[in-house]
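**Student:** Please find one structure pasted underneath; my questions will follow.
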Amino acid sequence: MLKGTVAVITGGSRGIGAAIARRFAAMGADVAVIYAGNEQAAQAVCRACETQCGVRAKAYRCDVASFQETKDVVAAIKADFGTVNILVNNAGITRDGLLAMMKEEAFDAVLDTNLKGAFHMIRHCTPLFLRNKGGCIINISSVSGLMGNAGQCNYAASKAGLIGLTKSVAKELASKGIRCNAIAPGFIRTDMTGSQEENPLLAMIPLGAMGEPEDVAQAAAYLACAGYVTGEVLRVDGGIAM
């Protein structure tokens, strides 16, 4: 279904990003996996994509908070793969803390990676999309960006900002055949979230359980192929943000 396309996934070495990379590879896409620090994990994802799916896969180290590094990595991906057809902005960090005690550095770091990083990647991939007369952007937001979450004002602000970015990009680029959508995961079982088994919010999930990275990857697969969907925010949250 995605054969002949090139997909770039930021934060692709683990969790949701790795699941999306594997799903897209299973659908026939070549994948560029962008990671921040864990090269070994990123290379393992690429090997799995190549050996199990028969596609091309390559890992790239990049700090998405840097305008220059993202420019350079998109240029490297273009040199290696020829183009980019799908961009998934999944890279994200947390620096949780109560507002009254949060340091400026903690707020800035989360916004720089989670929100500004997505802008950087969209900015540098858009010329390739325009040349292709089409493209697909998927931003990984969060239900925290829809509901807010105590102790996460920086994270929630970054994820709410991603939704505004998604809708603005969708309106700006739709006439060029470029779609932009967002996914808002709820409690997903990853290294970042931990088990969360003691979190009282789990009792608020109507479906009664945490989600898995593959649940988000399934939504990303849909959006990658949904040619008449743009500007949408697709919740994958077990119903918690209904």
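**Student:** So for the range 173-186 (the condition being within 27 Å of Glu105 (Cα to Cα), surrounded by 15 or more Cβ atoms within 10 Å (Cβ to Cβ) and touching a Cys at 6+ places or on another chain (Cβ under 8 Å)), does at least one residue qualify?
**Tutor:** So far as the range 173-186 goes, no, none of its residues is within 27 Å of Glu105 (Cα to Cα), surrounded by 15 or more Cβ atoms within 10 Å (Cβ to Cβ) and touching a Cys at 6+ places or on another chain (Cβ under 8 Å).
**Student:** Kindly check whether there is at least one residue in the range 172-186 that is more than 15 Å from Gly231 (Cα to Cα) and either modelled with pLDDT under 95 or within 19 Å of the chain's Cα centre (by Cα) (or both). It would help to see each step written out before you state the result.
**Tutor:** Our first condition is that a residue be more than 15 Å from Gly231 (Cα to Cα); within the range 172-186, this holds for 185-186.
With either modelled with pLDDT under 95 or within 19 Å of the chain's Cα centre (by Cα) (or both) added as a condition, the list becomes 185-186.
Yes; the residues of the range 172-186 include at least one that is more than 15 Å from Gly231 (Cα to Cα) and either modelled with pLDDT under 95 or within 19 Å of the chain's Cα centre (by Cα) (or both).
**Student:** May I ask you to verify whether Ser144 is buried (at least 19 other Cβ atoms within 10 Å of the Cβ), closer than 22 Å to Ile9 by Cα and within 20 Å of the chain's Cα centre (by Cα)?
**Tutor:** Details: buried (at least 19 other Cβ atoms within 10 Å of the Cβ): yes; closer than 22 Å to Ile9 by Cα: yes; within 20 Å of the chain's Cα centre (by Cα): yes.
Yes: the conditions hold for Ser144.
**Student:** Next up: When you look at Lys159, is it surrounded by fewer than 24 Cβ atoms within 10 Å (Cβ to Cβ) and either on the phi > 0 side of the Ramachandran plot or not in a strand (DSSP E or B) (or both), yes or no?
**Tutor:** no
**Student:** Right, here's the next one. Against the conditions (1) in a helix (DSSP H, G or I); (2) surrounded by fewer than 24 Cβ atoms within 10 Å (Cβ to Cβ); (3) of a type in the set (A, V, I, L, M), where does Ile16 fall short? Just the number, please.
**Tutor:** (2)
**Student:** Something else now. Just to check your reading of the model, which residue among Val64, Val55 is of a type in the set (A, V, I, L, M), buried (at least 18 other Cβ atoms within 10 Å of the Cβ), under 24 Å from Val216 (Cα atoms) and within 16 Å of the chain's Cα centre (by Cα)? Explain how you work it out, then say what you get.
**Tutor:** Numbers: Val55 fails: within 16 Å of the chain's Cα centre (by Cα).
Answer to the check: Val64.
**Student:** Scan the helices (runs of 4 or more DSSP H) fully inside the range 29-139 and keep the ones with 3 or more residues being over 22 Å from Asn149 (Cα atoms).
**Tutor:** Values: elements: 39-53, 67-81, 104-111, 117-132.
Helices (runs of 4 or more DSSP H) meeting the threshold: 39-53, 67-81, 117-132.
**Student:** With respect to Glu39, determine if the residue is of a type in the set (D, E, K, R) and either under 25 Å from Cys225 (Cα atoms) or touching a residue at least 40 places away in the same chain (Cβ under 8 Å) (or both). Before you say what the answer is, go through the steps one by one.
**Tutor:** Working: of a type in the set (D, E, K, R): yes; either under 25 Å from Cys225 (Cα atoms) or touching a residue at least 40 places away in the same chain (Cβ under 8 Å) (or both): no.
Answer is no for this residue.
**Student:** For Asn89, all conditions in the list (1) modelled with pLDDT of 95 or more; (2) closer than 19 Å to Thr190 by Cβ; (3) surrounded by fewer than 16 Cβ atoms within 10 Å (Cβ to Cβ); (4) not aromatic (Phe, Trp, Tyr) hold save one; what is the number of the exception?
**Tutor:** Single failed check for Asn89: (3).
**Student:** Can you pull out every residue in the range 131-141 that is in contact with a helix residue (DSSP H, G or I) (Cβ under 6 Å, 6 or more places away or on another chain) and more than 15 Å from Gly17 (Cα to Cα)?
**Tutor:** Gly135, Cys136
**Student:** Related question: Mind counting the residues in the range 190-242 that are among the acidic types (Asp, Glu) and at pLDDT below 90?
**Tutor:** Here the count works out to 3.
Quick grid of which residues meet (1) buried (at least 19 other Cβ atoms within 10 Å of the Cβ); (2) more than 30 Å from Val169 (Cβ to Cβ):
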site: Ala209; (1), (2): no, yes
site: Glu212; (1), (2): no, no
site: Val229; (1), (2): no, no
site: Arg235; (1), (2): yes, no
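**Student:** Related question: List, please: which pairs have Cβ atoms under 8 Å, are six or more places apart or on different chains, and start with a residue in the range 109-129 that is within 14 Å of Asn85 (Cβ to Cβ) and end with one that is among the β-branched types (Val, Ile, Thr) and surrounded by fewer than 19 Cβ atoms within 10 Å (Cβ to Cβ)?
**Tutor:** Leu128/Thr83
**Student:** Looking for something within 21 Å of Leu223 (Cβ to Cβ), assigned to a helix (DSSP H, G or I), touching a helix residue (DSSP H, G or I) at 6+ places or on another chain (Cβ under 8 Å) and without any contact (Cβ under 8 Å) to a residue 60 or more places away in the chain - is there at least one such residue anywhere in the range 146-155?
**Tutor:** No, that holds for no residue.
The values are calculated or read from the model by the stated rules, or taken from the named source; none is laboratory data. The structure presented is a predicted model; accordingly, all values stated were derived computationally and were not measured. All Cβ positions, even for glycine, are placed from backbone atoms using ideal geometry, and neighbour counts span all protein chains on display.
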